[in-house]
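Below is one structure, written out as structure tokens; the observations come after it.
The values are calculated or read from the model by the stated rules, or taken from the named source; none is laboratory data. Note that the coordinates shown come from a computational prediction; the quantities given were computed from them, not determined experimentally. Glycine gets a Cβ as well: all are built from the backbone with ideal geometry, and neighbour counts include every protein chain shown. To get the accessible areas, we keep the full protein, side chains included, count just its heavy atoms, and leave off ligands, DNA and RNA. Shrake-Rupley method; radii C 1.70, N 1.55, O 1.52, S 1.80 Å.
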Amino acid sequence: MSGQIPIVEDEPAIRQMLQFTLSAEGFDCQEAGSADEAAGALAAQVPDLILLDWMLPGVSGPDYARRLKRDPRTQGVPIIMLTAKDTEADKVRGLDSGAEDYVTKPFSTQELLARVRGVLRRSTPAGGGQTMEAAGLRLDPATHRVTARGVSLNLSPTEFRLLHFFISHPERVFTRNQLLEQVWGDRVYIEERTVDVHTRRLRKVLAEHGFDHLIQTVRSVGYRFSAQ
Ligand code: CA
């Protein structure tokens, strides 16, 4: 899988272990030792998922999670809380703060990866179930798989949603603003250049299989998906 995942954790050893594990799976991770450091990564781009330690210097994980869920820019980003506390009450508090899931330290890397995949799968809307195909590119909303002439593509949840929208609306030109509304939905404060960043990444993956020509830039308007 791929996707952007900031790791907000003040213990360097755990942070590096997470970075190593997730990078090996294809995720793009930014390390942050505090909420302040995380702000830099979050300002640069809205990530696909946030790993958040329960005990951080300055602000607790649950408080920081609540802050992220109040911010229109980050409220749609799922959070997995990392906690050393395994009492029932603490788990409930973690989930009450808006976190989608939690893992209790010490955790196995396999467990963590399973949680990450599960949360990413749930955060990407399944959409209307029909498999769509264009010029040898196949997208299956039910399984979240995209293949190019039978070869699987490695897309982040956002890139998947973007491609899903494009392939469902071929031959039409969409402005960046329309794409923001349709693909990012209620995350209304995202800048238009976010669309360019994700479109560029999507094209890069498609280019590896010779399919980047399907997404065309329409000068001074926006983008169009065309299989012709
Ligand atoms: Ca900590």
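Can you find a residue that is closer than 18 Å to Gln110 by Cα, among the aliphatic types (A, V, I, L, M) and part of a helix (DSSP H, G or I) anywhere in the range 21-42? There is at least one residue in the range 21-42 that is closer than 18 Å to Gln110 by Cα, among the aliphatic types (A, V, I, L, M) and part of a helix (DSSP H, G or I). In the range 118-130, the count of residues that are within 16 Å of the ligand (Cβ to nearest atom) and either modelled with pLDDT of 90 or more or open to solvent by 70 Å² or more (accessible area, probe 1.4 Å) (or both) is zero. The residue that is surrounded by the fewest Cβ atoms within 10 Å (Cβ to Cβ), among those in the range 43-64 that are within 14 Å of the ligand (Cβ to nearest atom) and not in a loop (DSSP other than H, G, I, E, B), is Asp63. Tallying residues that are away from the ligand (no atom under 14 Å from the Cβ), touching a strand residue (DSSP E or B) at 6+ places or on another chain (Cβ under 8 Å) and over 14 Å from Val8 (Cβ atoms) within the range 70-89 yields 1.
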